[in-house]
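> Okay, here's the structure, questions in a sec.
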Amino acid sequence: MSTGRAPTSYETVIGLEVHVQLSTASKMFCGCAVAFGAPPNTLTCPVCLGLPGALPVLNRRAVEFGVRTALVLGCAIQPESRFHRKNYYYPDIPKNYQISQYQYTGHPPLATGGVLVVETDGEARQIGIRRVHLEEDTGKLVHADGRSLVDYNRSGTPLMEIVSDPDLRSAEEARAFLTRLRAVLQYAGVTTGRMEEGTLRCDANLSLREPGGPHGTRTEIKNMNSLRAVERALRFEEARQRELVARGESVVQETRHWDEDRGITFSSREKEEAQDYRYFPEPDLLPVRVDAAWVERVRADLPELPDARRRRYQEAYGLPEHDATLLTETRAMAEFFEETVRLFPHPKTVSNWIVGDVAAYLNATGLEIEQVPGPSALAELLALIDRGTLSGRSAKEVLEEMLRTGRAAGEIVRERGLVQISDEAELVRLVEAAIAENPGPVSDVRAGKDRAVTFLVGQVMKKSRGRANPEIVNRLLRDRIGAL
Amino acid sequence: MMSAHSVSPADWPAWELRARYRRGEVRPTEVVRAVLERIAAVEPRIHAYLYLDADAALGEAARWDAIAGRDDAPPLAGVPVALKDNLCTRGVPTTAGSRILDGFRPPYDATVVVRLRDAGAVVLGKTNCDEFAMGSSTENSGFGPTRNPWDPTRVPGGSSGGSAAAVAAGEATLALGSDTGGSIREPGAFCGVVGLKPTYGRVSRYGLIAFASSLDQIGPFARDVRDAALLLRQIAGRDPADATSADVEVPDYAALLTGRVDGLRLGVVREFLGEGVDPGVASAIRAAIRTLEGLGAQRVDVSLPHAPYALPAYYLVAPAEASSNLARYAGVLCGRRTARDGDLIGMYARTRDEGFGAEVKRRIMLGTYALSAGYYDAFYLRAQRVRELIRREFEDALNTVDVLVGPVAPTPAFPLGERVEDPLQMYLADVFTVPINLAGLPGVSVPCGFAGALPVGLQIVGRAFDEATVLNVAYALEQAIGTDVCRPPIVAETRSPHP
Amino acid sequence: MFRAQLGGILESFRKLVELDLSGIPPAAQASPATGTMRDDVPAASLTRDEALANAPAVEDGYVVVPPVIEEEGAGAS
C-alpha cells in the first residue's frame, strides 16, 4: 500500500447497479418455466430463442413484483412506462437485442426516486434509489477450448434492475446497502437473492471527489460474486484511485473486472468508448400500465417487512433488539424462528439457541439457514432439553451433529447414550459417592463456600460422563451435605 | 353468382368451391389436382413458389374429401391456399426469400397458419417474395424473381409477388401475403387480383418473420372480394401470443357485402392523382370513381397535404425497426452460418455479408444510422412524429368521408430489371401505399381496369377496423365491372390443346 | 456504391426537417390494444431437439459458437 500523500480529504463516491432475478414461475416474455439446473436448452421456446417470427408477451407477475419492489423502496411508480430494445451482438442474447427499459427525458421507467436506509457503525444513512426497471436475462455462455457453448435456459428470465444514486461513501457501506437491499427484496418475496447462485448480481461505479467539488472520473467494476467480494473489490478500487490521484495521474474511465483470487481489479479489454445501444421503444410491446387500483392491491398483499417483524418480536416475545435484528436479517431465518416457536412455544429459548449455537454453526460452515435441518428438528431438540432428557451441555454436541448430519436429535441422543440421568435414585448414588470421595470440598460447603458445590457437581458430572442432570445434582448435593 | 370461364377448378373462387363441395359436385382432391396441374404448366415461367409439396397437399385434401361437403364443415374446408414464405410453417422450409434462412424449418406454425388449417384450408406451399419483405418487385428474392402472369417480362410487384402471381394464375385459390409499405396492395394491383392490408393489429403477427414491427400486417389475396372477405375472417382476431393484436370483434365480412354504396362519401385524395401518375393508370382510376358515383357514392375532394412526407418518414422508421429485427440472423441459432476458423465477430460479419442481398444491406445500414446516438432525435424520432401527423390527417379526413380512394401505384407493372439498380425509383412504387401503413389503416387493392394490357388497381382506404366498408366498396365496384379482369392470358394458354 | 444509391433517399429526409412538428408527439403505439399481459403460468417448452434443430453447430445439447474473446460478465448488465 502506498504511503504517498494520498488525499484523504477526497471522499469516495459509489453507486450500485443491482440485477435481481424475479421468483416468477415463468419467464418474462414467454411461458417457459424458470428453473435451475435443468439440462441445457430444455426450457426454451421460439420467443426466448428469438426465432424468426416470435413475439414477446409481458408476464403480469413480473410487473407486480416490480411494483412490490417500488413500494418497499418508497419509489414513485409510473402509471405508464415503455420497454426499449438495447441492441448489441453477443451469442447469449439470441435476438441480438435485449428488451429492457431505458430512461430518458420524459420517459421514466417503471419506478423512480426511492430510498433505502443503511446502517454502518451505528450510523443510519439514507441512500437514494434512482430507478427500478424490468428487463429480460440472457442465456449462459460457457467457455470451452477453442469454442464457446451457449445454454438458453436462462434466456428471457425476468430481471429487475435497481440502480442507486451515487450516495454510498465506503466499501463497507456498499456492502451494508446490498445486504439490506437483499433482505428487503427477499422479504417482499420477489427474489431468492442469492449472489452465489446468480439470482442477485451487482456492478458498481466508483469515483473520488474533493468535498464540494465536481465528480471525478468513475470506473465501473464488475464480476463481484459475493457480498464479501463487493466490499473487497471496492476497497481495492478506492485505494487504487487514491494512489493514482496522489501521484497526480488521472483515473481512466473504464470497466474493470474484480479478480477474487488475486484480490485486484484489472482493466477489461472492452472498448473504451461507450457502446451505442441504439435504444428505441419496443414496437412489439405496449406501454406497461400500472393504475392506482393495482398499486393498492399490491400494497395490501405485501408480506410483513423486516422492520415491522423485528418490532413485533420485540413487543410480542420480549426479545432484545439485537436478537430480534439477527432473527429478522433474512426472511428464511425469521420463518425458521417462527415455525420453531410454533412447535416449541418458548420464544426466548428458541431465540437464544438460534442466535447462539445455530448462528455460530452457520457462520463457521458458511451455510444458510435453508440448508440445515428445519424447525421441527430444533424443536425436538429443545423439547428433549425441556423434559430433562438431555442436559444443556450435551445438547450443544447433539445440535452440532444434528445440523451436520441431518439426523434427528432423539436418535443421536439414544445412540450416544446421552440421555440425561434425571432418575433421583441413580443420582443419589453418584452424589453420595462424590461426597464420600471429596471430604475436603464437602467441609468447604458446610463452611459456607458455595463454590465448592460447583466442584462437587463437576465431580458427579464426570462420574456420569456428563449425563447427570446438573440442577438435580446440585439440589441433592445441598440436601445431602446439609443433612450431614 | 357463378364466375365465367369456370372450366378448370383452379380458377374457381373459394366460395364457389365451397358451394360445389356441398352439392357433391367435386371433391378437394380433384380440385387440388387441378391446381397442381396448373402449377406444373405455368411455374416454369412464373416461379411463384419456393416450396411445394404436392404429396402433402393431396394427402391433406384427401383428409377433407369426406368432410368438405358436410354442413358442419369448417369455412375453408378443401380450399387450396398458398403462403408467403415469410410465414412460419412448422417443419416446412421458410426462408423469407433470403439465403440466410436457407434450410430453416421452424418448429412452430404462425398463428394465421394454425387458423387456416383449423378452417380446413389445404396448404399447397410457400411463395416467393422480396428478401425479408423488402422490395416492390420480388426481384430482391434470394432465389430469383417471380414473373407477372399478365406479362412474364414484367414484375409481379412486391414484396408478396409470389402470392399475388399464384392467385392470378390459378396456382392457388387463395393466398396470404404481408404488407409493410404496400407489399400486398401493390402486387395485387400489378397482378390484377384483390389484395387487402388489414388495420394494424387486426391480424396476429405471431409467426410472421418481422420486417418492421409497427407496420407489418398479414392479409389475403383472392380473385374476388367475397373470397378476400372469407379469408380475412378466418385469420383476423386477437391472439394472446401477439401483444399488438387488437381485441376487436371480427364481423362476418362476407355477409356484410351488400354492394350498396348509395350515400357513401368517397374521398378522392388530391395528392394521389397529381403528376407522376401514368396516364393509363389515372384514366382507369377516374373511370372507377365515376362507376362508384354511378352507383350512388358521393364524391368529395379531400387533401392530405402531408402525404408527400410519408415516403421519407417510412424509409426511416421501417429500416430502423428492420435493422433491429434482422440482427438475429447471425449464424448462431438458425439459418446459414459462414464459419471458417476465426472469431465470433468474423462469423457474424461473414455470415451476414454472404447471406443478405443488397437491398437488405442498404436498409440495415439506413436503419442503423437512423437509430444511432446523435441521430436518433433528428431521424427516427422525427420520423415517428411525422407519422403521428400523417395519422391525424387521415383520421380527420375519414371523419368527413367514409373511404379514401386513389391509385395503388403510379404505374402498372414495370419490366424486370428496370429499377433494380435505382432504389429510389423502386421506393417510389410505394408512394401511395406507404402513408396507409404509417396511419395503420385498412386498405385494399381491387382490380378496376387496364392500362394497355396491364391491370390497374384502385386503392380503397377506410377507418381503423372498418374493413367491412372497405370490402363492400370494392365489392360494389367489382360487381359493376365484372371479374373477367382477373384472367391473365397465361391461363387461357394453358387450356389450349398442346400441339 | 451504397452511398450513391442511398444519397437520394437521404436527400428526401431533408424534407422532414422543414416540418413544424411542435405539439406532435411521436406515434405512441401502432395498435389500440391495451394492457395485454400473460398470467404467470408455465407452459410447455420446446424439446431440446426441436429447439436446436436449426442450429448450425451443436455439442452435448449446447449451441456452439466461435470462442468469445472478452468476458462480458455473468448475465445482463
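Every number here is computed from the coordinates shown, using simple stated rules; none is lab data. All of these numbers come straight from a predicted model, not from anything done at the bench. Here Cβ is always computed from backbone atoms with ideal geometry, including for glycine, and neighbour counts include all displayed protein chains.
> Mind jotting down the distance between the C-alpha centroids of the stretch A:57-116 and the stretch A:195-265, whole Å?
26 Å
> Taking θ = phi - 60°, what integer Hz values does the Karplus form 6.51 cos²θ - 1.76 cosθ + 1.60 yield along the stretch A:366-382, in sequence order, with x for Gly and Pro?
x, 7, 9, 4, 6, 9, 10, x, x, x, 5, 5, 5, 4, 4, 4, 5
> Are any of the pairs A:95/B:84; A:27/A:140; A:86/B:197; A:95/A:222; A:396/A:462; A:140/B:361 more than 19 Å apart by Cα-Cα distance, and if so, which? All intermediate terms of the calculation are to be shown ahead of the outcome.
Working: A:95/B:84 23 Å; A:27/A:140 15 Å; A:86/B:197 30 Å; A:95/A:222 24 Å; A:396/A:462 17 Å; A:140/B:361 30 Å.
Cα-Cα > 19 Å for A:95/B:84; A:86/B:197; A:95/A:222; A:140/B:361; rest within.
> Mind jotting down the distance between the C-alpha centroids of the stretch B:201-219 and the stretch B:107-168, whole Å?
Using only Cα atoms, the two centres lie 15 Å from each other.
> In whole Å, how far is the Cα centre of the stretch B:270-304 from that of the stretch B:335-395?
Centre-to-centre distance over Cα atoms comes out at 37 Å.
> If you place +1 on the Cβ of every Lys and Arg and -1 on the Cβ of every Asp and Glu, how big does the dipole about the Cα centre of the protein assembly as shown come out, in debye to the nearest 20?
With Lys and Arg at +1 and Asp and Glu at -1, about 620 debye.
> A follow-up question, please. Can you list the residues, at least 5 places off or on another chain, whose amide H is less than 5 Å from the amide H of residue B:151, using H built in the peptide plane?
none
> Which distance in nm do the two modelled labels at residue A:126 and residue A:404 give, with both placed 7 Å along the Cα-to-Cβ direction?
Placing both labels 7 Å along Cα→Cβ, they lie 5.0 nm apart.
> Helix A:424-437: angle to the longest alpha-carbon principal axis of chain A, degrees 0 to 90, nearest 10?
The two axes meet at around 70 degrees.
> Using 17 Å as the cut-off for backbone N distance, which residues of the stretch B:462-479 belong to the label zone defined by a point 7 Å from the Cα of residue B:260 along Cα→Cβ?
B:468-477, B:479, by backbone N distance to the label point.
> Among the trypsin sites (Lys or Arg not before Pro) in the stretch B:264-356, which ones are in a DSSP loop with at most 12 other Cβ atoms within 10 Å of the Cβ? Mind listing them?
Sites meeting the loop and neighbour criteria: B:340.
> Which one of A:23, A:337, A:77 is farthest out on the positive end of the charge dipole of chain A, using unit charges on Cβ (Lys, Arg +1; Asp, Glu -1) and the Cα centre as origin?
With unit charges placed on the Cβ atoms, the residue in question is A:337.
> Right, next: Mind giving me the nanometre distance, one decimal, between the label points for residue B:72 and residue B:54, set 7 Å out from Cα along Cα→Cβ?
Those two pseudo-labels are separated by 3.6 nm.
> Given points 7 Å out from each Cα along the Cα-Cβ axis, report the residue A:246 to residue A:455 separation in nanometres with one decimal.
My value for the distance between the label points is 5.9 nm.
> Would you please calculate the Kirkwood hydrodynamic radius of the protein assembly as shown over all C-alpha pairs and express it in Å, rounded to one decimal? Please list the in-between numbers first.
Values: mean 1/r = 0.0301 Å⁻¹.
Evaluated over the protein assembly as shown, this radius sits at 33.2 Å.
> Determine the dipole magnitude for chain A: charges of +1 sit on the beta-carbon of Lys and Arg, -1 on that of Asp and Glu, nothing else is charged, the reference point is the Cα centre, and the result goes in debye to the nearest 20.
440 debye
> May I ask you to give the average projected area over all directions of the convex hull of the Cα atoms of the stretch A:361-421, in nm² rounded to one decimal?
Result: 3.9 nm².
> Expected output is a single nm value to one decimal: the length gained when fully extending between residue A:254 and residue A:119, i.e. 0.36 nm times separation in residues minus the C-alpha distance. What is it? Don't skip to the end; give the middle numbers.
Details: separation 135, 0.36 × 135 = 48.60 nm, distance 3.01 nm.
Extending this stretch completely gives an extra 45.6 nm.
> May I pose another question? Report the full-extension gain for the segment residue A:475 to residue A:169: residue separation times 0.36 nm, less the Cα-Cα distance, to one decimal in nm.
Extra length available between residue A:475 and residue A:169 comes to 104.3 nm.
> Treating the angle as unsigned and between 0 and 90°, give the value, to the nearest 10°, between the Cα long axis of helix A:227-246 and the longest Cα principal axis of chain A.
It is inclined by approximately 60 degrees.
> For n ≥ 4 DSSP H runs only, could you compute -39500 (n - 2.57) per run for the protein assembly as shown, divide by its residues and tell me the 222 nm figure to the nearest 500?
-11500 deg cm²/dmol
> Assign unit charges at the C-beta atoms only (+1 for Lys and Arg, -1 for Asp and Glu), then state the dipole size of the stretch A:424-483 relative to its Cα centre in Debye, rounded to the nearest 20.
My answer is approximately 160 debye.
> Counting pairs of Cα atoms in the stretch A:11-295, how many percent are more than 24 Å apart?
53 percent
> Moving to a separate point now. Which is the longest run of chain B containing none of the GluC sites (Glu not before Pro) found in DSSP loop states (not H, G, I, E, B) with at most 16 other C-beta atoms within 10 Å? Please report the intermediate quantities before stating the final value.
Values: sites that count: B:25, B:249, B:275, B:418, B:421.
Longest stretch, sites excluded: B:26-248.
> R0 = 51 Å: FRET efficiency of residue A:462 with residue A:35, Cβ-based, nearest 0.05?
Here the calculated transfer efficiency is 0.40.
> Moving on to the next point. Across all directions of projection, what mean area in square nanometres is found for the Cα convex hull of chain B?
Averaging across all directions leaves 22.8 nm² for the Cα convex hull.
> For the stretch A:304-415, count all C-alpha to C-alpha pairs, find those more than 25 Å apart, and express that count as a whole percent of the total.
17 percent
> Specify which residue in the list A:481, A:442, A:459 is farthest towards the positive end of the charge dipole of the stretch A:424-483, using unit charges on the beta carbon of Lys, Arg (+1) and Asp, Glu (-1), about the Cα centre.
Going by the charge dipole, the pick is A:459.
> Name the residue from B:440, B:292, B:29 whose Cα lies farthest towards the positive end of the charge dipole of the protein assembly as shown, charges +1 on Cβ of Lys and Arg and -1 on Cβ of Asp and Glu.
The residue sitting farthest along the positive end of the dipole is B:29.
> Take the Cβ-Cβ distance between residue A:76 and residue A:367 as r, set R0 to 30 Å, and report the resulting FRET efficiency rounded to the nearest 0.05.
Efficiency computed from Cβ-Cβ geometry: 0.15.
> By how many degrees, 0 to 90 and rounded to 10, does the Cα axis of helix A:331-343 deviate from the longest principal axis of chain A?
In chain A, helix A:331-343 runs at an angle near 30 degrees to the longest axis.
> Compute the FRET efficiency between residue B:118 and residue B:8 as 1/(1 + (r/R0)^6), taking r as their Cβ-Cβ distance and R0 = 35 Å, and round to the nearest 0.05.
On the way: r = 28 Å, r/R0 = 0.79.
So, using R0 = 35 Å, E works out to roughly 0.80.
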